[in-house]
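All remarks here apply to the structure that follows.
Just so it is clear, none of the values below were taken in a lab; they were calculated from the coordinates. Bear in mind that the values here come from a model prediction, so they are computed numbers and not experimental data. Methodologically, a virtual Cβ is constructed for each residue, glycine included, from the backbone with ideal geometry; neighbour enumeration extends over all protein chains shown.
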Amino acid sequence: VTTYILTVMNMVSSLFKDGTIGTDINIVVVSLLLLEQDPLGLNINHHADQSLNSFCQWQSGLVGKGGKRHDHAILLTGLDICSWKNEPCDTLGFAPISGMCSKYRSCTINEDTGLGLAFTIAHESGHNFGMIHDGEGNPCRKTEGNIMSPTLAGNNGVFSWSTCSRQYLSRFLGTAQASCLGDEPKQIGQYKYPEQLPGQLYDADTQCKWQFGSKARLCSLDFVKDICKSLWCHRAGHRCETKFMPAAEGTSCGPDMWCRRGQCVKYGEHGPRAIHGQWSAWSQWSDCSRTCGGGVMYRERSCSSPRPQNNGKFCPGPSRLNHLCNTRSCPTSAIDFRAQQCAEYNSKPFRGWYYKWKPYTKVDDEDICKLYCIAEDYDFFFAMSSKVKDGTSCSDHKGDVCIDGVCEAVGCDQILGSKASLDACGVCQGDNSTCKFVKGQYSLQHQANEYYTMVTVPAGAQSIHIQEMEVSTSYLAVRSLRRKYYLTGDWMVDWPGKFSFGGTVFDYQRSFNKPESLYAAGPTNESLVFEILLQGRNPGVVWEYTLPHTERKPEYSWGVARSDCSAPCAGGRISTKAICLQDQRTQVNSSMCNPLPRPTLGSHLCNTQPCPAYWTTGDWGACSRSCGGGQQTRTLRCLRKVTYQREEVVAHSLCPSISPAQVQPCHIQACPPEWSTGSWSQCSKSCGRGLRKRSVFCRSTDPGANAVVVPDSMCRQHHKPKAQETCVLQRCPKNEKLQWILTPWGECSRSCGSGIQRRELRCGERDSQEGYVEYPIRRCRNMAKPLVELQQVCNRGLCPEVPQAVPGRTTSSAMGLGWYSSPWQQCSVSCGGGVQTRTIQCLRHGLPSAGCLPHQRPAASRACNTHFCPAAPLAPVQRPSNRVTAAGSTLKDERCADLFSWCHLVPQHGVCTHKFYGQQCCKSCSSRKP
């Protein structure tokens, strides 16, 4: 058992030596107690909270050899503990937050789960160091596999400390509470620590038994290669399972292989190379936390270049540097800084009510940097914040300040951490030579139960120390010359503490085993009378204080001080003034001298010659060009100062030969390319609206022949000139022949059933051949349009009632979707080439749909009866002309005609290019656009 526990504690020690913790924590076992049954006063059960309270109380009475106590107590138990009930559950450990070094709270309880117990101990001890779970009230994430994660699970088999844990620990170690950790414990010789790694002492099967029971074994599947990251175990009747804890260091993970730092490496190797941390650069200094009275500014760096890895060392030295700033005293009217912070809560409800808060400082030293406030006119106080703002004084009588919740010492030289202190005379780092010591002793015996004066200390006294020579039942008392008691007056004995009176703070100490004492740094601003309230025999009281040396009174007299000439030329002045001298040597404030004999003095001119001439320039004018090299000029004058207030312009020859430049180049950068244009062309029409054009190109702006044409993209597109525009040379004569032309009715919009036919109104002119030439609509805009209908209903016969599926086409049986066609209609002619048509529809379950594939649509027409008719005359086909007929369609030669009634279908089905159809249906094919 001892070897097992020491192995676990070795693992705990290794975790606290990991570089990510940021400091040196040395774990030393000073005592090991094996309890086979609960001793008197110790009650351990499944209830972790109750068991911890019992253990903490019990361990407070344990004392080691030589009367020395341990710093921290750890209880290991095989019981399955639970934080909230006396039954087993998944709790692994329990600990008081920030209990380290406390007699009754520096203790933890930990459930033994095998070698993973080391991580539980480190986690719970972290709580005792003041650490809080990652992700709970701090920016660190819960799932990064750090030791203080709410659930223990390493990051690829490696456990480390988060940034938040490191900050919590650093903050705790800076408090007075952590002082017990400073002494080095004595090495205990009777314990022999194992020299092998944990995994060498206890193989993977043993580790599985400890985690899952005596019948558990290492999983025989391929998980074995990952046991250095997560140990997978198997129980009969169960699947392979894991608690996401790695196999211990040194566990065999294959032939001649072992686990080191989360990796399976060759036996004898130490795993990944340790990477020691390096500091980043310092940040900029922060703003000062106060405007007066001594604020704090800081700069920070992080151990991230690189971060420590694989048990590498953390960066040595501090991560933050603090510096006092704005140390001048605040105005007497300023509100106390701690009082300001309490007053900020006046506007916030406290348990449903509003109060006026004032500072409360009668707290323990370790809590002095917490913001305790007391409700005005009430007798309760509360910690409103876990820490006051940086720069807040720790107390009224010392210059120390709170920084990040810790009271930091400030020397009398106003430097953080400085050891500089005031001497007995109140001089910083002085040698006590500037004052005299006054000492005395009061040992007279008097009748008991009366006040007796011992000494009167004058105003200005410093380093006042009053102390009884022996422990007694008498009390020290202090009053003013006017018999106003400040301490233990009117038969009312005050408790020990700090008392402010007489311009300073007195520290009154009284305990059962030490003589009573009073101390104040001073200086006092009034005379104080120190008395003793006798309660028996006078034990004797000694006292001591300092006063400034009394020196000869200095003599003050008037003297005369002469100034230098105020100017080297153009008329300066020499002034004389009276000064007050101390002992004819040192100048002091004029108020020290008698004002009546003060001499009356004045001033006179000096150096009245003119000053040498000098050049003066005006402002530069505007540049002559915005680019491509321009010039700018300025005025240049030669001036000479004649008197203190007057200057004159003189000849340039009187000024220095080297004069400032009057002209300088400007905007020398090349101009960007610009658009260039050619000449406009002739208007395209001799009358009416026409067009004219010109070339537009992008050209560089280099002068002369250096200009070249460049790509249009180099010029600004929104500035590009127009390449064409409309033009009107003259109005065209009014055309009397213009009229509105009505086109023939178009084809019906549907091949069966009811549809729509449309026709158009066009602008045209009758020609000599009884046809029409068509013009743009705007030519007829001044003519009234005829009132005619431009669309009508048409009917091409009934549509087929029952559509049939197209043979050979595939339809979706599930959807009922496909192309359907009606039977072929009768051929339009009996010979000479006709057309048969049919209706094609896309149907889904008998209803029209748009889901059919277009490329599968079957033909809606086909040629038929294409054999030649024996006696059918053929009309010659002529080239179409550019005229329009009276009906508005394009005119063809009179011999271009339709020879069949179905010719209107030919252009609809796109077969006009067929030689036969084109000849037989010349008119229809010529009147339709292809």
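A few comments on the model shown:
- 9 Å beta-carbon shell around residue 232, net charge (K/R +1, D/E -1): -2
- Per-peptide packing, taken as the mean over residues of other Cβ atoms within 10 Å, places 600-606, 142-148, 25-31, 905-911 in the sequence 142-148, 905-911, 25-31, 600-606 from highest down.
- Under 18 Å of direct C-alpha separation, and excluding same-chain neighbours fewer than eight residues apart, residue 398 reaches these lysines: 362, 370, 389, 419, 498.
- Placing pseudo-labels 7 Å out from each Cα toward the beta carbon at residue 789 and residue 36 gives an inter-label distance of 12.1 nm.
- The gain in end-to-end length when the residue 919 to residue 519 segment is fully stretched comes to 130.7 nm, 0.36 nm per residue minus the alpha carbon separation.
- Summary of packing: across the peptides 66-77, 643-654, 610-621, the per-residue average of other C-beta atoms within 10 Å ranks them, highest first, as 66-77, 610-621, 643-654.
- Computed 3J(HN,Hα) for segment 195-203, one whole-Hz value per residue from the Karplus formula 6.51 cos²θ - 1.76 cosθ + 1.60 where θ = phi - 60°, is 9, 9, 5, x, x, 6, 6, 10, 6, glycine and proline marked x.
- Two-decimal log10 I(q)/I(0) for segment 672-790, as the Debye equation yields it once each C-alpha is a single scatterer, q = 0.16, 0.21 Å⁻¹: -0.88, -1.16
- Our summary gives the chain a relative contact order of 4 percent, counting only alpha carbon pairs under 8 angstrom and 6 or more residues apart.
- About its Cα centre, the chain has a charge dipole of approximately 6680 debye under the convention of +1 per Lys or Arg Cβ and -1 per Asp or Glu Cβ, with nothing else charged.
- Note on segment 435-548: percent of Cα-Cα distances in each 10 Å bin, starting at 0 and stopping at the bin with the largest distance, equals 15, 51, 31, 3.
- Spin-label model distance (nm) - residue 761 vs residue 280, 7 Å beyond Cα toward Cβ: 8.0
- Note on the chain: percent of Cα-Cα distances in each 20 Å bin, starting at 0 and stopping at the bin with the largest distance, equals 8, 19, 17, 16, 19, 13, 6, 1, 0.
- Applying the Karplus relation 6.51 cos²θ - 1.76 cosθ + 1.60 with θ = phi - 60° to segment 461-472 yields 3J(HN,Hα) values of 6, 10, 6, 7, 9, 10, 8, 5, 7, 9, 5, 8 Hz, where x marks Gly and Pro.
- Environment charge of residue 601, counting only residues whose C-beta is closer than 11 Å and scoring Lys/Arg +1, Asp/Glu -1: +3
- Sites listed here are GluC sites (Glu not before Pro) in segment 235-275 whose DSSP assignment is loop and whose Cβ has at most 12 other Cβ atoms within 10 Å: 269.
- Its residue count N fixes a reference of 2.2 N^0.38 Å for segment 337-408, and the Cα radius of gyration divided by that reference is 1.07.
- Across segment 198-266, Cα-Cα pairs farther apart than 15 Å form 43% of the total.
- Sorted by Cβ density within 10 Å, fewest first, the residues 117, 742, 547: 742, 547, 117
- Loop sites in segment 34-130: GluC sites (Glu not before Pro), DSSP, at most 13 other Cβ within 10 Å: 36
- Compared with the dominant principal axis of the Cα atoms in the chain, helix 48-59 is inclined by about 20°.
- Rounded to the nearest 20, the size of the Cβ-charge dipole of segment 435-548 about its Cα centre is 180 debye, with Lys and Arg at +1 and Asp and Glu at -1.
- Shape call, segment 254-367: gyration tensor on alpha carbons, a/c limit 1.5: prolate
- On the principal axes of its alpha carbon atoms, segment 503-615 extends 94, 42, 18 Å, with the longest extent given first.
- Cleavage-rule hits, chymotrypsin sites (Phe, Trp or Tyr not before Pro), segment 468-517, DSSP coil, Cβ neighbours within 10 Å at most 12: 491, 512
- Considering every alpha-carbon pair of segment 2-181, the percent of pairs per 5 Å bin, from zero through the bin containing the longest distance, is 1, 8, 17, 21, 22, 17, 9, 4, 1, 0.
- Near-label residues of segment 174-205 by backbone N, under 18 Å of a point 7 Å along Cα→Cβ of residue 80: none
- Burial ordering of 360, 168, fewest other beta-carbon atoms within 10 Å first: 360, 168
- Among residues other than residue 785 with Cβ under 15 Å from its Cβ, the summed charge is +3 (Lys and Arg +1, Asp and Glu -1).
- Diffusion constant of segment 614-672 at 20 °C, which comes from Stokes-Einstein with the Kirkwood Cα-pair radius and 1.002 mPa s, µm²/s: 161
- Candidates 620, 403, 837 compared by Cα position along the dipole of the chain: farthest toward the positive end lies 837, with charges placed on Cβ.
- For segment 343-491, convex hull of alpha carbons as volume per residue, Å³: 193
- Angle between the chain longest axis and helix 163-173 axis [Cα atoms, degrees, rounded to 10]: 10
- The modelled label-to-label distance for the pair residue 65/residue 644, using points 7 Å beyond Cα in the direction of Cβ, is 9.2 nm.
- Exceedance of the 28 Å cut-off in Cα-Cα distance is limited, within the set 142/387; 142/313; 142/243; 103/387; 186/229, to 186/229.
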